[in-house]
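Comments concern the structure below.
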Amino acid sequence: MEVESARLIAKSIIIMAMLGTAIGEGYLLGKGFEAMGRNPEISDSLFTKMIIGVAMAESTAIYALVAFFII
């Protein structure tokens with residue numbers, strides 16, 4: 001396998017990782033808002049935890065983006 005083909009395969013895997021984090025963030029936010037709709041009393045606590053979870057998921061996408069441009 002040539003170097004350029006290995007590089008393109010690695011970049012495609014990174015793109016799939018970024019896609020996975022986007023789907024995960026959407027799922028996390030959707031379920032969080034659904035829970036807030038069912039139980040509005042916990043919305044303040046849940047929203048804070050939801051934002052932290054989204055930030056952690058987004059950090060994975062940022063690392064993948066950095067790796068994409070390094071490779």
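The values are calculated or read from the model by the stated rules, or taken from the named source; none is laboratory data. Values in this document were obtained by computation on a predicted structure and should not be read as measured data. Glycine also receives a Cβ, built like all others from the backbone with ideal geometry; neighbour counts cover every protein chain displayed.
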*If the Cβ limit is 8 Å and pairs must be 6+ apart or interchain, which residue in the stretch 39-60 that is polar (S, T, N, Q) pairs with which residue that is in a helix (DSSP H, G or I)?*
Ser43/Met36; Thr60/Ala17; Thr60/Thr21
*Applying the selection to the stretch 1-38, what residues are among the polar types (S, T, N, Q) and out of contact with any helix residue (DSSP H, G or I) (no Cβ under 8 Å at 6 or more places or on another chain)?*
Ser5, Ser12
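Here's the yes/no breakdown for (1) surrounded by 11 or more Cβ atoms within 10 Å (Cβ to Cβ); (2) of a type outside the set (Ser, Thr, Tyr):
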site	(1), (2)
Met1	no, yes
Ser5	no, no
Gly20	yes, yes
Ile52	no, yes
Tyr63	yes, no
Ile70	no, yes
*Every residue from the stretch 39-71 that is of a type in the set (Asp, Glu) and closer than 18 Å to Glu25 by Cα*: Glu58
*Index of the failed condition, Leu28 passing every other in (1) loosely packed, with under 10 Cβ neighbours inside 10 Å; (2) at pLDDT 90 or above*: (1)
*Report yes if Met16 is without any contact (Cβ under 8 Å) to a residue 60 or more places away in the chain, part of a helix (DSSP H, G or I) and within 18 Å of the chain's Cα centre (by Cα), otherwise no.*
yes
